[in-house]
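Beneath this line is the structure, given in structure tokens, with notes to follow.
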Amino acid sequence: MSVVICDVGPRDGLQNEARTLEPVVRAELCDRLAAAGLRRIEAASFVNPKLVPQMAGADEVMAALHRKPGIVYAGLVLNDKGYERAVAAGVDEVHYAFSATDEFGRRNQNATTDEGLKTALALVARARSDRMPITVTISVAFGSPFDGPVPPERVLSIVERLMAIPPDEICLADTIGVGVPSQVKELVGGAMRLGATVGAHFHNTRNTGYANAVAALEEGVVSLDASVGGAGGCPFAPKATGNIATEDLVYLMRGLGIVTGIDLDALIATSQWLAGQLGKELPGMVARAGDFPYKG
């Protein structure tokens, strides 16, 4: 089994923090993650800094990176302007996200699901023309804080419509951490049967994130998002808590016999460094408890 871990810590991990880190510090976080063996990093968010001030200076983050060959540095965009900024800043891959529900979409990016889908198809077509890899994330695919549970058929209908101009990957996101493994299997399996290349993004708000990750792996996802230290949350989702922690996921995957190529000790050290930068203890458990020599 092979799966790519995308560390979204420099973006999703930091966008809801009380302490804003300078672009050069966020670039250092990316450098530390790359040194630990992460091959895919969501380095910056090209969104309006007035709405998400923690993400200001995305262009400076990209400029300050000490790039390593073979590492994919991605940027999140929400519209054409963000796409243009991201490409100009030198991202290797574009990530676009839109909401599976209307109210969350209005509050998060001032767009209904249909409007977000229209933008997605336009950006995928543009990225294809530019030969720029693009992942489209469907936010709140498992449940919305404003719209409640999201019917699986609604999400799969969105996937089917996205496949009109298929992105390189469709990522199913449990933005507020309400999903359970049975839902994961239904959505991931359903999306794959529609021909999609599927990734997944889980938050551990209700302590189901790691079980969901295993379910997604069993269904055949090609990538899993995680955030070093378990940092994260959405500024537009009440009571949102962190993503699954990258070091905890790597520990789990190693126990399952999945080779990630990631140095767990270096990742733990990065988690502890980030905790110091933020002046708080992070939710990840392995960085607190330490590694343990699993014998399969």
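Brief remarks on what is shown
- Paramagnetic reach from residue 273 (point 7 Å along Cα→Cβ, amide N under 19 Å) across region 33-56: 33-44
- Looking at region 40-171, the DSSP beta bridges with both ends there are about 10 percent antiparallel.
- Region 96-144: mean projected area of Cα convex hull, nm²: 3.1 nm²
- Averaging over all projection directions, the Cα-based convex hull of region 121-186 occupies 4.7 nm² in the image plane.
- Antiparallel beta bridges, as assigned by DSSP with both residues in the chain, represent about 10 percent of the total such bridges.
- Column: log10 I(q)/I(0), Debye, Cα scatterers of region 37-128, q = 0.23, 0.24, 0.25 Å⁻¹: -1.16, -1.22, -1.27
- Accessible surface, the chain, averaged per residue in Å² (probe 1.4 Å): 41 Å²
- Lysine pair number, Cα distance threshold 24 Å (strictly under), the chain, separation 8 or more or different chains: 4
- For region 177-249, the fraction of C-alpha pairs farther apart than 21 angstrom is 24 percent.
- When the solvent-accessible area of the chain is split by element, carbon and sulfur atoms take up 52 percent of it, the probe being 1.4 Å.
The values are calculated or read from the model by the stated rules, or taken from the named source; none is laboratory data. None of the values given here were measured: they were computed from a predicted structure. All Cβ positions, glycine included, derive from the backbone under ideal geometry; neighbour counts span all protein chains shown. Accessible surface is based on the protein model in full, side chains and every heavy atom, while ligands, DNA and RNA are left aside. Shrake-Rupley method; radii C 1.70, N 1.55, O 1.52, S 1.80 Å.
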